[in-house]
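Okay, so here's the structure we're looking at.
The values are calculated or read from the model by the stated rules, or taken from the named source; none is laboratory data. Bear in mind the structure is a predicted one, so any value in this text is a computation, not a measurement. No Cβ is skipped: glycine too gets one built from the backbone with ideal geometry, and neighbour counts run over all protein chains shown.
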Amino acid sequence: MLEEIGELNNTLIVITGDHGMPFPRCKSNLYDMGVRVPMAIRWPAGIRCGGQVKDFMSLIDLGPTFLEAAGVKVPQQMVGRSLLPVLLSKREGRVDPRRDYIVFGKERHVPAQKAPSMAGYPCRGLRTDQYLYIRNFKPDRWPSGVLSGASHPMNVHPDCDNGPTKKYLIDHREDPKVRLYYELSFAKRPPEELYDISKDPDQLTNLAEKESYAKIKAELSAMLIAELKDTDDPRVIGGGEMFDQYPYRASYKLNK
């Protein structure tokens, strides 16, 4: 249709996704396989093809990007940053030096703690080129929900989509060869997690308690907390308990 009306080359088209793969330790987690999503942007009248950039981008940057492209002032309350300077640049590598990290987080995907609790699993993450740092605000909770043994399928680690992989890990969780993978996906996690992407691209070995990584952990923690304070995150400035009270409406009900 755009081609028929002569506007295809002058239209900014974005295709993306909303979360990671529906597998254990992927979707609804802050590891790369949970937060990275595909994104393709086409705008021949404005964007050159063939260049490669390393700038971190977030979906919250799309709103300001569309507004700036349309010549509309970006409201101050929008915390995303327009991607136009990166998209229109002829440089490669890291175009904007401020885009050397990205912050993301989770509150609740589905109610997954012991019913009738509406609480989720609050966590925030910061990713740089080399490291992933995660702060789990409620480590006493189950990251993918409880293993209740109830008959309803959504009551078995309900914050992880049902499927053959999930079923296999649960059914064989007492097998010594499987136990580690079950725990990586469903067991409780420490307050802090740190992964060296250059050595551990799948983010399976938590280095947060390693003395050799203490300095980098402290630096990343400070960066994350500063960002959360700057954006008035209730889990840092206070009031985060309100997230645990919001009702949840869906086509199923959790068994008590």
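Please go through region 95-120 and give me each residue that is within 20 Å of the chain's Cα centre (by Cα) and in contact (Cβ under 8 Å) with a residue 60 or more places away in the chain, ordered by number. Within region 95-120, TYR101, VAL103, PHE104, GLY105, LYS106, GLU107, ARG108, HIS109, VAL110, PRO111, ALA119, GLY120 meet the criteria.
Inside region 28-55, residues that are assigned to a loop (DSSP other than H, G, I, E, B), under 14 Å from the mean Cα position of the chain (by Cα) and either at pLDDT 95 or above or among the β-branched types (Val, Ile, Thr) (or both) make up a count of 4. Taking region 190-218 as the range and being touching a Phe, Trp or Tyr at 6+ places or on another chain (Cβ under 9 Å) and within 15 Å of ARG135 (Cα to Cα) as the test, the residues that pass are PRO191, GLU192, GLU193, LEU194, TYR195, GLN203, ASN206, LEU207, ALA208, ILE216, LYS217. When each of ASP171, ASP161, ASP175, ASP129 is tested for being under 20 Å from the mean Cα position of the chain (by Cα) and more than 30 Å from ALA218 (Cβ to Cβ), the lone residue that passes is ASP161. When GLY63 is tested against (1) modelled with pLDDT of 95 or more; (2) touching a Phe, Trp or Tyr at 6+ places or on another chain (Cβ under 9 Å), exactly one condition is not met: (2). The set of residues in region 189-211 being over 14 Å from ASN136 (Cβ atoms), in contact with a strand residue (DSSP E or B) (Cβ under 8 Å, 6 or more places away or on another chain) and outside any loop (DSSP other than H, G, I, E, B) consists of ASP196 alone. Scanning region 2-58 for residues that are in contact with a strand residue (DSSP E or B) (Cβ under 6 Å, 6 or more places away or on another chain) and either of a type in the set (Phe, Trp, Tyr) or over 19 Å from LEU83 (Cα atoms) (or both) gives LEU30, PHE56. Total residues in region 56-94 satisfying the condition of being assigned to a loop (DSSP other than H, G, I, E, B), under 26 Å from the mean Cα position of the chain (by Cα) and polar (S, T, N, Q): the figure is 4. For first residues located in region 1-17 and among the hydroxyl-bearing types (Ser, Thr, Tyr), partners that are in a loop (DSSP other than H, G, I, E, B) and lie 6+ apart or on another chain with Cβ distances below 6 Å form the pairs THR11/LEU2; THR16/VAL37.
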